[in-house]
Amino acid sequence: MATARDVAVFVGSLRKDSINRKMANALIECAPAALKLGIVEIGQLPLYNQDEEKEPPAPWVAFRNRVRPADAVLFATPEYNRSVPAPLKNALDVGSRPYGQSVWTGKPGAVLSASPGAIGGFGANHHLRQSLVFLNVPAMQQPEAYIGGADKLFDANGKLTNDSTRKFLQQFMQAFADWIDANTKS
Ligand SMILES: Cc1cc2nc3c(=O)[nH]c(=O)nc-3n(C[C@H](O)[C@H](O)[C@H](O)COP(=O)(O)O)c2cc1C
């Protein structure tokens, strides 16, 4: 079998009990063997300030060095006030600079949003996609993943208990593996 693709996973919430972190873990469980996924933390990143590029903070450098060699990127995010939570936008900005050295360019991506609300984080999902267009991340269009009522899908240990959601996540991850293959040169 060819080497598994290295997929960097980003969780848009910093909350310990985050639904989206549980979703990210469920996505990892549901992925085909062709993908090797790992969560890349974003909560330690200082807020982006272009003045700091002369001597970039160590967490920015470590983050860029982790994401740069990844084959693909996967986002699981809540919606904050109909948009992308600030820590995730900050991570996108940190990874995008210095100018001309973005770690995102050309990496196939996928987006899932989850919320206790009925709309399933649609606004955040699409605002994130807007940034991904500029960052030259080809983001998988289908299946779309807006998971509403997501607080009801896990048990007390954070395990996914809903079978139809599990089936959907398996389909989503298989489609993402195919998307990565279709959007990777070698
Ligand atoms: C600052 C803030 C803004 C929020 N705005 C929205 C929103 O626009 N749409 C929505 O569906 N839920 C919104 N919520 C509720 C979140 O969906 C809910 O807290 C969710 O559990 C957050 O994701 P997490 O569990 O992964 O941390 C908001 C929560 C916070 C703290």
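The values are calculated or read from the model by the stated rules, or taken from the named source; none is laboratory data. Here the structure is a predicted model, which means the values were calculated and not measured. Positions of Cβ are backbone-derived with ideal geometry, glycine not excepted, and every protein chain shown enters the neighbour counts. For accessibility, only protein heavy atoms count, side chains too; no ligands or nucleic acids. Shrake-Rupley method; radii C 1.70, N 1.55, O 1.52, S 1.80 Å.
Which of rounded, prolate, oblate describes segment 49-186, given a ≥ b ≥ c as roots of the alpha-carbon gyration tensor eigenvalues and a/c under 1.5 marking rounded, otherwise prolate only if a/b is larger than b/c? It comes out prolate by the Cα gyration axes.
Placing unit charges on the Cβ atoms only, positive for Lys and Arg and negative for Asp and Glu, gives the chain a dipole magnitude near 100 debye about its Cα centre. Each residue, residue 155 and residue 16, gets one label point 7 Å from its Cα in the Cβ direction; the gap between the two is 2.2 nm. Relative to the longest principal axis of the Cα atoms of the chain, the long axis of helix 163-182 lies at roughly 40 degrees.
Measuring against 23 Å, Cα to Cα, the residue pairs 16/54; 36/185; 16/167; 107/167; 89/167; 107/159 contain 16/54; 16/167; 107/167; 89/167; 107/159 as the ones spanning a longer distance. Positive-end ranking of 38, 122, 174 along the dipole of the chain, with charges on Cβ about the Cα centre, is headed by 174. The fraction of accessible area contributed by carbon and sulfur in the chain is 52 percent, rounded to a whole number (1.4 Å probe; ligands and nucleic acids excluded).
Summarising the label geometry, the points placed 7 Å from Cα in the beta-carbon direction at residue 99 and residue 68 lie 2.0 nm from one another. Compared with the dominant principal axis of the Cα atoms in the chain, helix 19-30 is inclined by about 80°. Cross-link partners of residue 152 among aspartates and glutamates, defined as those whose alpha carbon lies under 19 angstrom from its own and excluding same-chain residues fewer than eight positions apart: 17, 29, 79, 163.
Using Cα centres only, tell me the gap between segment 162-180 and segment 65-84 in whole Å. Between the Cα centre of segment 162-180 and that of segment 65-84, the gap is 18 Å. Excluding ligands, DNA and RNA, the accessible surface per residue across the chain is 51 Å² with a 1.4 Å probe.
Here the calculated FRET efficiency for residue 54 and residue 186, from their Cβ-Cβ distance with R0 = 30 Å, stands at 0.25, rounded to the nearest 0.05.
Using a cut-off of under 20 Å, list every residue of segment 150-186 whose amide N is near the label point 7 Å from the Cα of residue 136 along the Cα-to-beta-carbon line. Output list for this probe position: 180-186.
Classify segment 96-143 as rounded, prolate or oblate, taking a ≥ b ≥ c as the square roots of the eigenvalues of its Cα gyration tensor: rounded when a/c is under 1.5, otherwise prolate if a/b is larger than b/c and oblate if not. Judged from the Cα gyration tensor, segment 96-143 comes out prolate (a/c at least 1.5, a/b above b/c).
Estimated at 0.36 nm per residue, the fully extended path between residue 41 and residue 86 surpasses their Cα-Cα distance by 14.8 nm.
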